[in-house]
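Just below is one structure, and these are the notes that go with it.
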Amino acid sequence: MRGAPPIRIDLVTIFPEYFEVPLALSLLGRARARGLIDARVHDLRDHATDRHRTVDDEPFGGGPGMVMKPEPWFAAVEAIPGWRAARRVLLTPAGRRLDQGLAEDLARQAHLILMCGRYEGVDERVADHLATDQVSIGDYVLAGGEAAALVVVEAVARLVPGVVGDEASLQEESFTTGLLDFPHYTRPAEFRGMGVPEVLVSGNHAEIERWRREEAARRTRARRPDLLPPLSAG
């Protein structure tokens, strides 16, 4: 168990209903029920200042689309207890790409605030003066930051002690060791003429471990050579 207060995760969005089902299911739902994660969702529109609950406006300098206004963002985040000490993460394509190292860093925090942008983007003053971090989940564009925020929540939550039943499995996953994970097989040993590698049913645990290390390295060289250290010259 964590042996400390649950990690607090606040999500700020214009679509709070987006998170209702994912946060109630599977690992996340069980972790919340067991008090390992305290996840709360906040509607950005509650902090708009006009009767239409407007959170966006036309960009200065012209151009297509709308830009999210700074006032609702500052008001929404500053209304969250403990916001000053929290890691305040703006989900944006311009941010640092999420990797396992960043997920581990965020999982060590007591309090995260995840800020979900929409439209053409968020006023840069939010990024510069309210967010402590800017994070991207990949080099592509989404309709908004909600899907990216869920990726961050899941990547972080499963690293919280007690969330994953077999914590030893976390040490052997893709990216944790710097390599992709090795191939996995289960019963039946024969399916439609397709078998499993004989070493896995040999009972020789030393050979199984060697095979897994070799397969992880082979798979990484073939699929993600960028994860491997560069070869030294000479």
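Quick note: the coordinates plus some simple rules give every number you see, no bench work behind them. Just so you know, these numbers come straight off a predicted model, no measurement behind them. Every residue, glycine as well, gets a Cβ built from its backbone with ideal geometry; the counts of neighbours run over all protein chains shown.
Here are a few things to note about the model shown:
- Cα centroid separation, the range 86-131 to the range 187-234 (Å): 35 Å
- Relative contact order [Cα under 8 Å, 6+ residues apart], the range 44-124, whole percent: 34 percent
- Comparing Cα centroids, the range 144-165 and the range 1-43 end up 9 angstrom apart.
- Potential lengthening of the chain between residue 26 and residue 143 amounts to 39.6 nm, from the contour at 0.36 nm per residue minus the alpha-carbon distance.
- Span-like helix ranges in the chain, DSSP H, alpha carbon extent 15 angstrom or more, Kyte mean at least 1.0: 146-157
- Kirkwood hydrodynamic radius of the range 70-148, from the reciprocal of the average inverse Cα-Cα distance over all distinct pairs: 12.9 Å.
- Total charge dipole magnitude, the chain, about the Cα centre, Cβ charges on Lys, Arg, Asp, Glu only, Debye to nearest 20: 520 debye
- Between residue 164 and residue 94, residue separation times 0.36 nm minus the direct Cα-Cα distance comes to 22.1 nm.
- Relative contact order, percent, the chain [alpha-carbon distance under 8 Å, six or more residues apart]: 19 percent
- On the basis of the beta-carbon distance and an R0 of 35 Å, residue 219 and residue 85 show a calculated FRET efficiency of 0.30.
- Nearest-0.05 FRET efficiency for residue 125 and residue 15, computed from C-beta distance (R0 25 Å): 0.65
- Taking 0.36 nm per residue of separation and subtracting the Cα-Cα distance, full extension of the segment from residue 186 to residue 201 would add 4.4 nm.
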